[in-house]
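Asks: To start, I am sharing the structure in question, which I have written as structure tokens.
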């Protein structure tokens, strides 16, 4: 009498399809627009222009504020599906923050542009 679990090729295929439906969201490209605005393109087909000034003010502290200088800010990189600044990815923001930014209308607004 054989013991164990048998898995048909069809059931393995269905299992693999479920994994594919949970695609990992990544940034595929980023273009500098002006000031602190960068257009992000995601592998989901979504494009979004984000003002990074409020994000930098909220999350970046200390010596890493040097990336707020325009010359340094423009030197961002897209690597491994993320946007980062610095040789060793000294400043990096999570994809879940950027993909749905701002998350709600209750987010703090640091300034307004006329």
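Asks: In the stretch 74-96, which residues are at pLDDT below 90 and closer than 21 Å to residue 34 by Cα?
Replies: Correct list: 93 only.
Quick grid of which residues meet (1) at negative phi; (2) at pLDDT below 50:
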position: 4; (1), (2): no, yes
position: 15; (1), (2): yes, yes
position: 49; (1), (2): yes, no
position: 55; (1), (2): yes, no
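The values are calculated or read from the model by the stated rules, or taken from the named source; none is laboratory data. Remember, predicted model here, so these are calculated numbers, not experimental data.
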